[in-house]
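Read through the structure below, which is laid out as structure tokens, and then see the notes.
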Amino acid sequence: MPTPLILDTDPGVDDAVALVLALRSPELDVRAVTATFGNVGLEHTLPNAQRLVALAGRPDVPVARGAARPLVHPQLERAARWHGADGLGGRAGTLPDGVPLDPRPAVELMADVLRAATEPVTIAAIGPLTNCAVLLAAHPELADRVGRFVIMGGSLRGGNTAAAAEFNVYADPEAAHRVLTQPEVPVTLVPLDLTLRCAAGADWVAGLAAGGPTGAVLADVIAAYRAAFREHYGRDVVALHDAVALMEAIRPDILHTTPMPLLVACDLGPARGVVVPDGQPDAPGPPVAVALDADVEAVLADIAARLKD
Ligand code: RIB
Ligand code: CA
């Protein structure tokens with residue numbers, strides 16, 4: 001029985017790979033895609049999500065508009081230097097026209113999916129957590145319909161944004177703290193500590209491009225992201241953060257997790273957005289399953305196999 005899934009995303013190059021991966025995997029029944037601001041503004045992430053659902057050949061999956069900004073403090077930093085101004089490496093225009101926009105706001109689409117579900121629904125969140133936090137606040141009665149959150153975000157040792165934060169959490173720390181410290185829904189967090197170890201090399205990208213027309217489009221979308229990685233890290237690799245996180249939703253426990261209560265620094269100082277393991281007895285929330293290890297080659301091979309046409 002496929003797992004019902006809601007995918008909340010800010011496409012985003014690695015989101016693009018994750019979205020096609022999710023829509024292609026028979027273990028998942030993707031019931032909705034919701035867009036949020038993040039890598040680039042919602043004016044790009046939303047049509048990108050619509051185009052990617054069309055690319056995956058899944059016009060049956062509704063796509064809805066989510067948050068255009070964080071819950072509390074404005075956070076204007078985007079990631080266009082990595083994902084391009086259009087969010088898809090400058091290649092958004094080469095994708096098919098997007099599927100139609102669902103008229104419901106993202107949180108209401110999420111709520112309708114949860115109400116209609118007869119099995120627990122996994123929510124995979126691979127962008128800022130604003131939509132997920134609003135869902136929990138607006139519909140507490142539906143929390144027990146969510147099987148778990150699988151979240152790409154955070155970093156325990158050094159980040160990729162600001163002083164030491166990871167982008168998704170830094171984009172809306174208050175939303176991240178709300179989701180990571182609530183007791184109602186189990187959380188699996190896939191941080192940079194693992195996703196950076198799962199960076200794909202040149203051979204992997206070449207295999208993607210040769211795997212068929214969809215992989216060729218994704219490899220083209222990845223090209224600018226790959227060049228940015230090469231320039232910044234001096235290595236010809238691409239970290240497909242979001243695709244690694246989706247593999248956990250697709251094959252539960254493919255990633256090896258460690259339970260630890262967490263909190264998020266929400267002050268406006270240099271530590272804003274940093275995820276902190278909280279060893280205090282009065283930690284604000286229950287332990288989060290933090291994915292810190294995996295058979296990296298097996299994960300990358302599985303992603304590649306699923307993206308072949
Ligand atoms: O820090 C990596 C995360 O931020 C990924 O989800 C990437 O798409 C960006 O949203
Ligand atoms: Ca993302």
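The values are calculated or read from the model by the stated rules, or taken from the named source; none is laboratory data. Computed from a prediction, not measured in an experiment: that's the story for all the values here. We place every Cβ from the backbone using ideal geometry, glycine too, and count neighbours over all the protein chains shown.
Of everything listed in (1) farther than 28 Å from G269 by Cα; (2) surrounded by 24 or more Cβ atoms within 10 Å (Cβ to Cβ), the single unmet condition for V61 is (2).
What do you reckon, is P26 within 20 Å of G215 (Cα to Cα) and part of a loop (DSSP other than H, G, I, E, B)? Answer is yes for this residue. The requirement of being farther than 25 Å from V238 by Cβ, acidic (D, E) and either surrounded by fewer than 24 Cβ atoms within 10 Å (Cβ to Cβ) or more than 13 Å from ligand 1 (Cβ to nearest atom) (or both) is not satisfied by D86. So E43 passes all but one of these: (1) over 17 Å from the mean Cα position of the chain (by Cα); (2) under 26 Å from D302 (Cβ atoms); (3) not in a loop (DSSP other than H, G, I, E, B). Which condition number does it fail? Result: E43 passes all but (2). The single condition from (1) over 17 Å from the mean Cα position of the chain (by Cα); (2) part of a helix (DSSP H, G or I) that A163 fails is (2). Taking the condition of being among the β-branched types (V, I, T) and out of contact with any Leu (no Cβ under 7 Å at 6 or more places or on another chain), how many residues in the stretch 263-298 meet it? Of the residues in that region, 2 qualify. Would you check if L192 is within 15 Å of ligand 1 (Cβ to nearest atom) and either surrounded by fewer than 24 Cβ atoms within 10 Å (Cβ to Cβ) or of a type in the set (A, V, I, L, M, F, W, C) (or both)? In short, yes.
Here the stretch 4-20 is the region considered, the condition is being outside any helix (DSSP H, G or I) and acidic (D, E), and the residue that is farthest from ligand 2 (Cβ to nearest atom) is D8.
Within the stretch 286-297, being surrounded by 12 or more Cβ atoms within 10 Å (Cβ to Cβ) and under 21 Å from the mean Cα position of the chain (by Cα) holds for P287, V288, A289, V290, A291, L292, D293, A294, D295, V296.
Out of N160, N131, one residue alone is under 24 Å from P4 (Cβ atoms) and polar (S, T, N, Q). It is N131.
On the basis of being among the hydroxyl-bearing types (S, T, Y), buried (at least 17 other Cβ atoms within 10 Å of the Cβ) and on the phi < 0 side of the Ramachandran plot, does T181 make the cut? In short, yes.
Can you tell me which residue within the stretch 21-54, out of those that are in contact with a helix residue (DSSP H, G or I) (Cβ under 6 Å, 6 or more places away or on another chain) and within 20 Å of A304 (Cα to Cα), is surrounded by the fewest Cβ atoms within 10 Å (Cβ to Cβ)? Only one residue fits best here, namely E27. Sort out which residues of the stretch 101-145 are assigned to a strand (DSSP E or B) and charged (D, E, K, R), and write them in order of number. Residues satisfying the conditions do not exist here.
Out of all the residues in the stretch 162-189, which are within 14 Å of ligand 1 (Cβ to nearest atom) and out of contact with any Gly (no Cβ under 7 Å at 6 or more places or on another chain)? Can you show your working first?
Applying the first criterion (within 14 Å of ligand 1 (Cβ to nearest atom)) to the stretch 162-189 yields 162, 164-173, 175-176, 189.
Across the stretch 162-189, the qualifying residues are F167, D172, A175.
The set of residues in the stretch 32-47 being under 18 Å from A243 (Cα atoms) and not β-branched (V, I, T) consists of A32, A35, G38, N39.
If I go through the stretch 134-173 residue by residue, how many of them are among the small types (G, A, S), within 16 Å of ligand 2 (Cβ to nearest atom) and at pLDDT 95 or above?
Taking the stretch 134-173 as the starting set, the residues that turn out to be among the small types (G, A, S) are 137-138, 143, 147, 153-155, 158-159, 162-165, 171.
Applying the additional criterion that residues be within 16 Å of ligand 2 (Cβ to nearest atom) yields 153-155, 159, 165, 171.
Next, from what is left, pick out any that are at pLDDT 95 or above: 153-155, 165, 171.
The number of residues fulfilling the criteria is 5.
Exactly one residue among A301, A219, A283, A227 is buried (at least 18 other Cβ atoms within 10 Å of the Cβ), small (G, A, S) and away from ligand 2 (no atom under 16 Å from the Cβ), and that residue is A219.
Name the single residue, out of those in the stretch 146-161 being more than 17 Å from F37 (Cβ to Cβ) and out of contact with any strand residue (DSSP E or B) (no Cβ under 8 Å at 6 or more places or on another chain), that is surrounded by the fewest Cβ atoms within 10 Å (Cβ to Cβ).
Taking the stretch 146-161 first, the residues more than 17 Å from F37 (Cβ to Cβ) are 146-150, 154-160.
Restricting the remaining residues to those that are out of contact with any strand residue (DSSP E or B) (no Cβ under 8 Å at 6 or more places or on another chain) gives 157-158, 160.
Numbers: R157: 8, G158: 13, N160: 19.
Taking the candidates together, the pick is R157.
Being away from ligand 1 (no atom under 16 Å from the Cβ), acidic (D, E) and at negative phi is a property that D10 lacks.
Residues considered: E77, E108. Of these, the only one that is of a type in the set (D, E) and at pLDDT below 95 is E77.
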